[in-house]
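Contents: one structure, followed by commentary.
The values are calculated or read from the model by the stated rules, or taken from the named source; none is laboratory data. The shown structure was predicted, so the numbers you read here are calculated from the model rather than taken from an experiment. Neighbour counts run over all protein chains shown; Cβ positions are idealised from the backbone, glycine included.
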Amino acid sequence: MPPLQLLLFVLCFKLALFTDPACVIELQCAECVPEHMPLVTSHRAANGSVRLPAGAELALACAPGKFLAYPLLGRLAARCEAGRYRVAHDAALRHILDLGCQESIFEDVLHQVDHCGSLQGRAYLMRQASPAAALHLAEMCFDADRGVATRLHMSTAALAPRPHSDSAAPLSLLGNFNHMFDASTRHAAERLYSDDERLTRRLHELLKHDRYSFAEQRLTSGRLLSGRYFEDQYSRAADFASNRVAVWRSVAAGNLRHLQHDVARLLRRGAARPLHVHAGTRGVLALRAGAGRTALYLQAGRFPVPRYVWTVVHDAQANKAVALVLLNDPFVAVSEIRDAVFCESACGRLAWLHDLHRNRNYESPVYGLVFCCSLRDFTAAVPELPPDLVRVPPGNDGLLIDLLD
């Protein structure tokens with residue numbers, strides 16, 4: 001080949017190399033990734049996505065499960081090429097949608113959890129090749145009789161693993177019954193919370209004889225622990241039905257979203273220190289209907305619409321904490337607000353609140369009135385968080401106004 005042609009060939013090759021599109025995995029886009037997205041072990045996610053330059057090698061893991069397209073393999077290596085992935089195993093060029101696992105790498109399992117009393121302990125785990133090495137992402141106390149989580153807990157520090165029964169182990173007669181009951185509850189919750197139209201129709205059916213005016217309000221499902229609280233690759237652990245409750249759409253899009261954005265921002269700021277988040281529910285919302293009030297349960301005595309949705313943030317290093325309480329009642333009358341707010345609110349003093357402070361959003365009942373309590377005041381009114389679980393000094397000394405370096 002003449003030197004000039006060789007030079008042109010090299011230049012064209014380099015141009016093609018540098019213009020080859022990068023590979024981007026949008027982890028927060030359900031339509032952009034497989035239903036059971038594998039764990040990316042070669043790269044860290046940032047801002048909800050994993051980005052690889054052309055030619056970079058990607059490592060994926062379904063272990064202990066296997067890939068749907070490669071039923072004998074639990075791990076795969078692939079090289080970014082033209083926005084897709086050249087799989088090392090068979091040199092096939094595949095889209096990330098073709099590289100899903102046979103089952104989810106996350107599990108919602110029955111588990112030992114302290115301070116749950118008679119309630120069911122559960123944990124969100126990320127499966128590993130060895131069951132003993134499963135990563136504990138969150139734990140909860142779940143009221144299986146009422147079909148609602150009363151308290152969940154996650155942390156920027158790794159949760160201590162606790163022993164739990166292997167799901168493959170033989171079960172006693174009582175164990176089999178408990179697993180059947182748990183599966184039934186999970187199925188009912190998934191069916192309810194996966195469809196806003198079903199939630200709203202159920203609500204209208206419950207109150208159709210009371211001629212209640214909902215003023216265009218509708219129910220939707222809200223998460224108690226936001227996916228934003230976790231590292232990007234673990235955010236899908238927040239999608240389990242046991243983490244969901246019914247909230248009003250204006251509340252979900254309003255102050256529940258603002259509150260969770262503010263907490264997520266604080267967790268990112270304090271990622272190097274042990275920050276704990278406890279979240280849960282309190283009470284059942286009762287609407288004025290006819291001569292009295294009707295408590296809202298989406299099934300007979302089960303799946304209540306909570307009156308309060310709460311979040312406690314605890315800075316273990318500074319020994320400070322605060323409780324953010326959201327009133328899930330856009331219909332509350334002005335005359336009822338004083339009785340609904342059970343502490344002297346400190347929201348205006350919390351320097352780390354941004355979305356809630358904007359336009360004083362936290363004071364608007366239609367978006368979910370929010371008030372901020374000291375731990376002593378909060379645990380006196382909300383037994384779902386045992387006082388011994390989060391111990392901080394009383395008064396201002398124990399109030400998490402901001403992170404201190």
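Figures for the structure shown
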read-out	value
Breaking point among (1) in contact with a helix residue (DSSP H, G or I) (Cβ under 9 Å, 6 or more places away or on another chain); (2) farther than 19 Å from H153 by Cα; (3) modelled with pLDDT of 95 or more, for V312	(2)
Residue in region 293-300 that is aliphatic (A, V, I, L, M) and modelled with pLDDT of 95 or more present	no
Members of region 362-405 that are hydroxyl-bearing (S, T, Y) and under 12 Å from A318 (Cα atoms)	none
Flag for C343 being over 26 Å from E216 (Cβ atoms), hydrophobic (A, V, I, L, M, F, W, C) and assigned to a loop (DSSP other than H, G, I, E, B)	yes
All positions within region 322-357 that are surrounded by fewer than 15 Cβ atoms within 10 Å (Cβ to Cβ) and not aliphatic (A, V, I, L, M)	S335, E336, R338, D339, E344, G348, R349, H354
Among residues of region 33-68, those that are farther than 21 Å from M126 by Cα and among the hydrophobic types (A, V, I, L, M, F, W, C), counted	3
Residues of region 42-58 that turn out to be assigned to a strand (DSSP E or B) and in contact with a Leu (Cβ under 8 Å, 6 or more places away or on another chain), as a count	4
Residues of region 96-152 satisfying the condition of being over 30 Å from P34 (Cβ atoms) and assigned to a loop (DSSP other than H, G, I, E, B)	Q112, V113, D114, H115, C116, G117, S118, L119, A144, D145, R146
One residue from L267, L192, L225, L256 being farther than 19 Å from L324 by Cα and crowded, with 17+ Cβ neighbours inside 10 Å	L192
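Conditions (1) modelled with pLDDT of 90 or more; (2) buried (at least 16 other Cβ atoms within 10 Å of the Cβ); (3) touching a strand residue (DSSP E or B) at 6+ places or on another chain (Cβ under 9 Å); (4) in a helix (DSSP H, G or I), marked per residue:
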{"residue": "A168", "(1), (2), (3), (4)": "no, no, no, no"}
{"residue": "L171", "(1), (2), (3), (4)": "no, no, no, no"}
{"residue": "L174", "(1), (2), (3), (4)": "no, no, no, yes"}
{"residue": "F177", "(1), (2), (3), (4)": "no, no, no, yes"}
{"residue": "M180", "(1), (2), (3), (4)": "no, no, no, yes"}
{"residue": "T185", "(1), (2), (3), (4)": "no, yes, yes, yes"}
{"residue": "H204", "(1), (2), (3), (4)": "no, no, no, yes"}
